[in-house]
1. Is any helix in the chain, taking whole DSSP H runs, at least 24 angstrom long along its axis by alpha carbon and on average at least -1.0 on the Kyte-Doolittle scale, and which ones?
2. Using a basic spin-label model with each label point 7 Å from the Cα along Cα→Cβ, how many nm lie between L277 and Y182?
3. Mind checking which of V186, G126, G257 is farthest towards the positive end of the chain's charge dipole, using Cβ charges of +1 (Lys, Arg) and -1 (Asp, Glu) about the Cα centre?
4. How many percent of the alpha carbon pairs in the chain exceed a separation of 33 Å?
5. At a 10 Å Cβ-Cβ cut-off, how would you order F60, F307, fewest neighbours first?
6. Would you please give the FRET efficiency between K309 and A68, computed as 1/(1 + (r/R0)^6) with r the Cβ-Cβ distance and R0 = 45 Å, to the nearest 0.05?
7. May I ask which residue of P56, T78, P99 lies farthest towards the positive end of the charge dipole of the range 39-105, with charges of +1 (Lys, Arg) and -1 (Asp, Glu) on Cβ and the Cα centre as origin?
8. Would you kindly derive the ³J(HN,Hα) couplings of the range 26-43 from the backbone phi angles with the Karplus curve 6.51 cos²θ - 1.76 cosθ + 1.60 (θ = phi - 60°), listing them in order in whole Hz, with x for Gly and Pro?
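What follows is calculated from the coordinates using simple rules that are stated; it is not laboratory data. Predicted model only: the values in this text are computed from it and were never measured. Heads up, the Cβs are rebuilt from the backbone with ideal geometry, glycines too, and the neighbour counts pull from every protein chain shown.
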Amino acid sequence: MLSKPPRKALVTGGAGFIGSALVRHLVGDLGWSVTVVDKLTYAGNLASLSAVQASPHFRFVRADICDAAKMAEIIATTAPDVVIHLAAETHVDRSIDGPADFINTNIVGTCTLLEATLKYWRGLSGSLAENFRFHHVSTDEVYGSLGDHGSFVETTPYDPRSPYSASKAASDHLVKAWGHTYGLPVVISNCSNNYGPNQFPEKLIPLMIIKGLAGEPLPVYGKGHNIRDWLFVDDHAKALAIIATRGRAGETYNVGGAAERRNIDVVTAIGRLLDELAPRPGNNSHLDLISYVADRPGHDLRYAIDFTKLRHELGWTPHETFESGLKRTVRWYLDNRAWWTPLIENHQAASRRGLTRAVA
């Protein structure tokens, strides 16, 4: 365990959804000095960092984690106490249509960052080397699909089912290998489905909110019976800071929201909140907009996270219930149209992807 909290962090992917929530927490709540590295692909948005951009503790560098020379330069000049690695391609449907980007960023990029970090760490000594951490942020999707019972634990065998989850599983294994082979002090966290403010509109919850506001059909894959464990993004950010600060080197920590819901129940809850907060004309309900569409190829049935280890070892539990977090999220999208409208217009964020089917 770290003998003192780190105060200087390098966060990759810090302009993304989870990354920006983490940076806002580190800089705004904890007073850390944070350098953000982000390529600013379609899912990266500097507006998500507006709350901390004026802080003297915040620095942004636009760079690609696959650029070995640039990563080495940034790490050397930043001299971080901890590297928190969130930069990744994350959308399952996009990975079905174009897996190469996921292989390059999530696997090659992680390897490149590990090499640069290892070189930097080997130049440290004493407590600086001992207290350093490379924290890799991953997903519960690496574990595959659950049946009706049970939950993922840190020792659940990996069984990825999509190009996205396979690329994240590979990056997890690389991080573990750099820990075992080279002694790099690494920690890994695997989280359940995140939701909350600033999420790119292609993901389920913001997509349903935005389509509902437009009076468009709310498309539900298959019968809507697939189950996910939902984690409010600010709760996740706090967990990441705790793991980076106090996590034991070489360990994995699962992070979950204790909020399993069927997809159809999530969409129904959004529809009811929209009825309350943004009623449709003529007393029509948003629930009337729910429609069912062809299922995602290889759609995993159920994910559920057991975060007992994180709770017992490091004292973290989620603060938001699904109901309170979802209401906060719907209100945010209602109040921040200027944030998400350009994304819909410029990136076709509401378009259906992932329809490619395997050859029989």
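1. Numbers: long enough: 163-182 (28 Å, -0.56).
Span-like helices, by this rule, are 163-182.
2. Inter-label distance under the simple model: 4.4 nm.
3. Checked the options; the winner is G126.
4. Working: 16317 of 64620 pairs.
Percent of Cα pairs beyond 33 Å in the chain: 25.
5. F60, F307
6. Details: r = 34 Å, r/R0 = 0.76.
Computed FRET efficiency for K309 and A68: 0.85.
7. Checking the options against the dipole of the range 39-105, the answer is P56.
8. Karplus values, whole Hz, x for Gly and Pro: 5, 7, x, 9, 9, x, 6, 8, 10, 9, 9, 10, 8, 6, 6, 6, 4, 8.
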